[in-house]
Amino acid sequence: MFEITDGPNMPTMMFFECPLDVLEKRILKRAKHSGRSDDNVESMRKRFNTYKEETMPTVDIFRKNGKCVEVDTSKDRQAVYNLVHEKLAVWTDKTMAARPLSERAEMLLGIRPWPSKQKKAEEAKKPEEKKEEEAKKPEEKKEEDSQSANK
């Protein structure tokens, strides 16, 4: 088992706090699309109670030593991202923090929606379509040249 040593040399932890009622709503919303058998209130409460019993004592040690950075995750995703960004600023290189997120990072954070399957299929076709168009261009060019020559 991992042991934590109290004191000024201990690392700082980030603790994402979310009330049970908010967790319930989010998990039940996720359950509509996830297909996970454990996305139900009973399983979620069991996980939450296990979490409180096994993890909260560790969080309390960090809190007691002033080494716990807490983030209220009951807010919307963009607000939570902004809080994390703000609270990590102390440890983050300023030039890196100023860089915008990639589209993929925004999707992983839930700030930007994932493309639909249809859109993905359309995007997958694009390289093939471009190849076909480029293959036609020399033929069209030859045809235009021959028409110009005939005039």
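The values are calculated or read from the model by the stated rules, or taken from the named source; none is laboratory data. Nothing here was measured: the structure is a model prediction, and the numbers come from that model. Every residue, glycine among them, receives a Cβ derived from its backbone with ideal geometry; neighbour counts consider all protein chains shown.
Brief remarks follow.
- Among the residues of the stretch 8-42, those identified as of a type in the set (Asp, Glu) and surrounded by 14 or more Cβ atoms within 10 Å (Cβ to Cβ) are GLU24, ASP39.
- Failed condition for PHE48, given (1) touching a helix residue (DSSP H, G or I) at 6+ places or on another chain (Cβ under 9 Å); (2) not in a helix (DSSP H, G or I): (2)
- Residue in the stretch 109-131 that is modelled with pLDDT of 70 or more, among the β-branched types (Val, Ile, Thr) and assigned to a helix (DSSP H, G or I) present: no
- Given (1) at pLDDT 90 or above; (2) surrounded by fewer than 13 Cβ atoms within 10 Å (Cβ to Cβ), index of the condition LEU83 fails: (2)
- On the stretch given as the stretch 74-102, residues that are assigned to a loop (DSSP other than H, G, I, E, B) and under 25 Å from ASN9 (Cα atoms) total 2.
- Restricting the stretch 43-62 to residues that are hydrophobic (A, V, I, L, M, F, W, C) and at pLDDT below 90, the residue that is surrounded by the fewest Cβ atoms within 10 Å (Cβ to Cβ): PHE48
- Pairs linking a residue in the stretch 22-49 that is closer than 19 Å to SER74 by Cβ to a residue that is hydroxyl-bearing (Ser, Thr, Tyr) and surrounded by 14 or more Cβ atoms within 10 Å (Cβ to Cβ), with Cβ atoms under 7 Å and 6 or more positions apart or on different chains, are VAL22/SER74.
- Pairs linking a residue in the stretch 59-73 that is farther than 13 Å from MET10 by Cα and of a type outside the set (A, V, I, L, M, F, W, C) to a residue that is at pLDDT below 95 and in a loop (DSSP other than H, G, I, E, B), with Cβ atoms under 7 Å and 6 or more positions apart or on different chains, are THR73/CYS18.
- Scan of the stretch 41-79 for residues that are out of contact with any Gly (no Cβ under 7 Å at 6 or more places or on another chain) and within 24 Å of PRO113 (Cα to Cα), ordered by number: VAL71, ASP72, THR73, SER74, LYS75, ASP76, GLN78, ALA79
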